[in-house]
Amino acid sequence: MSTDSTQTQRKADISALIGIISSAATSAMAAWDQEAGGVPALDAPVTDSARAVNSPDLLRAVRLLEGACSQLCAVLSPTFISVVNRAWAPLDAACLRVAVDAKIPDVLEGHADGLHVSEIAAQTGLPPDKLARTLRVLSTKHCFREVAKDTFANNRLSYALRAPLRLTDLVWTFEHICNPPAWAHLSDTLADPAYGPSDDLARSAFSWGVREKMPETPLFKYLAARPAESERFGKAMTAWQLGGVQEFYPIADLPESTTWCDIGGGMGGVLIPVVNKNPQLRVTLQDQPHVVEEAKKNFAKECPDALKENRISFVPINFFTESPVPDQDIYYMRMIIHDWPDATCVDILSNIRKTMKPSSRLLIHDYVLISSVAASEGALETRGDVAPSPLLPNYGAGGTRPFYMDVNMMCMLNAKERSLDDMIELGQKAGLAFVKFWDCVEMSIVEFKTA
């Protein structure tokens, strides 16, 4: 039985959580006002302002909101409700897959008053009664809107899932490439004596899931044999835009003709905002030859001035065996290191170190794991923002996406996300010295120089 003092503390914690929610909501509203002229309607098919969704103030406020709301519900809800809600999560994903596969947001586009499920079913070839029940699950969580009995319309969330959009490609990737072959087999893989302890790319949960069709096949080999899926996977990776480097690192203040090299830069989804932030930069994009060709096309469409003014160079690279272009002021890697085991990461970083000048900086932009256990005073982890009490130090549910990504990398590639200490250790093994930790809310940047 609780003592009076413990009950008093629990109630004080609940009051503190309520206060955090109120303050963070106010901050979020102010951020939307500043960046987009107001909070966007939830029930309307509108697109988020790109400025707003990359606003550091908005991201910080939402991190607090997510953490405090989740913790408050966990404290006050009966345990059964908390546990069952978590166990239901695969059904949410299953319903979302139905909507994306059937392109229901596209069917509803232009129908402000919605369509009856019989009409949606006629256009998608799905049974109307079962479709209505599926859409109702999504609409109760504010993805779609049921405007009348069995009549559904797009809202802000569902409108973001139209077929041409990158977020749709990401959801499709989760539900087709990640979930059935990999995530669903995590428990089986961990318990297997061969797969469980292995760090081999071909012994991941993903490889377990496809082993009957393609034995001991790692993810990228699987995708190479399926060009259409590979293309969609590549597009999906460009959807990760929150916490852009241009919003947290002082790119606008870099001197004229500063050189910036994006290693593994893909189609330029990150580099284009960097170029737009500071048009005086001289930038280079490096990736595999076929990716570089796609990047050229993307720049021609999205950032043609950089091409016309010769401010962008495209140079193929195999970063496992080759060094990037030499003597750049800034070398940048985003979501690369988390794909590979430690030894391979040291090789990649060593190749970069060989070509850095004394004033060069390397920015590794990735998810960084912050412990849910309070760090000792002066520990490296305290260099980031620490959540206010009674939240977990890493913001709990507000900081959970790095841990989701960590398990995802384990499932897909036998790879992992890392703590700041882990990143610094990798850098030291490659001859790099830690400079600064940049907390970008969603992801983080670890800055290095030559040792």
Problem - Linear extension gain, Val407 paired with Met237, 0.36 nm per residue minus alpha-carbon span - result: 59.5 nm
Handout entry: Rg followed by Dmax, in Å, when the chain is reduced to its Cα trace
Key = 23.3, 73
Practice task
Using only alpha carbon pairs under 8 Å that are at least six residues apart, calculate the relative contact order of the chain and give it in whole percent.
Solution key: 15
Fill in the blank from the handout: In this structure, among Lys297/Lys354; Lys213/Lys416; Lys277/Lys308, pairs with alpha-carbon gaps over 19 Å are Lys297/Lys354; Lys213/Lys416
Problem - Ordering of 307-320, 228-241 by packing [mean C-beta count within 10 Å, highest first] - result: 228-241, 307-320
Practice task
Quick one: go through region 244-284 and flag any residue whose amide nitrogen is under 16 Å from the point 7 Å out along the Cα-to-Cβ line of Lys301.
Solution key: 266-273
Exercise for the section: For the chain, give the magnitude of the charge dipole about the Cα centre (Cβ charges: +1 Lys/Arg, -1 Asp/Glu; no others), in debye to the nearest 20. Expected result: 320
Exercise for the section: Report the full-extension gain for the segment Ser350 to Asp48: residue separation times 0.36 nm, less the Cα-Cα distance, to one decimal in nm. Expected result: 104.7 nm
Exercise for the section: Label region 166-237 by shape, choosing from rounded, prolate and oblate, from the square roots a ≥ b ≥ c of the eigenvalues of the Cα gyration tensor; if a/c is under 1.5 it is rounded, and otherwise prolate applies when a/b is larger than b/c, oblate when it is not. Expected result: prolate
Practice task
Could you size up the charge dipole of region 122-196 around its Cα centre, putting +1 on the beta carbon of Lys and Arg and -1 on that of Asp and Glu, and report it in debye to the nearest 20?
Solution key: 500
Practice task
Report the FRET efficiency, 1/(1 + (r/R0)^6), for Ser15 and Val84, where r is their Cβ-Cβ distance and R0 is 30 Å, rounded to 0.05.
Solution key: 0.65
Fill in the blank from the handout: Neighbours of Ala25 by Cβ distance under 15 Å: Lys/Arg at +1, Asp/Glu at -1, summed charge -1
Practice task
Give the shape of region 89-159 as rounded, prolate or oblate, defined through the alpha-carbon gyration tensor: a ≥ b ≥ c are the square roots of its eigenvalues, a/c under 1.5 means rounded, and otherwise the shape is prolate if a/b is larger than b/c and oblate if not.
Solution key: rounded
Fill in the blank from the handout: Treating only Lys and Arg (+1) and Asp and Glu (-1) as charged, each at its beta carbon, one finds that region 1-51 has a dipole about its Cα centre, in Debye to the nearest 20, of 180
Exercise for the section: Assign one of three labels to region 261-341, namely rounded, prolate or oblate, based on the Cα gyration tensor with a ≥ b ≥ c the square roots of its eigenvalues; rounded applies when a/c is under 1.5, prolate when it is not and a/b is larger than b/c, and oblate otherwise. Expected result: prolate
Practice task
Obtain the nm distance between the two label points defined at Asp253 and Glu119 by a simple spin-label model: each point lies 7 Å from its Cα along the Cα-to-C-beta direction.
Solution key: 5.5
Fill in the blank from the handout: From fewest to most C-beta neighbours within 10 Å, the residues Glu247, Glu256, Glu417 line up as Glu256, Glu247, Glu417
Handout entry: Charge-dipole axis of region 166-237 as Lys and Arg at +1 and Asp and Glu at -1 on Cβ define it, positive-most pick from Pro215, Leu201, Gly234
Key = Gly234
Exercise for the section: Work out how much length Gln428 to Ala25 would gain on full extension: take 0.36 nm times their residue separation and subtract the Cα-Cα distance, in nm to one decimal. Expected result: 141.0 nm
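Every number here is computed from the coordinates shown, using simple stated rules; none is lab data. Keep in mind that what you see is a predicted model, and the values were worked out from it rather than measured. A quick note on method: Cβ atoms are made from the backbone with ideal geometry, for glycine too, and the neighbour counts reach across all protein chains shown.
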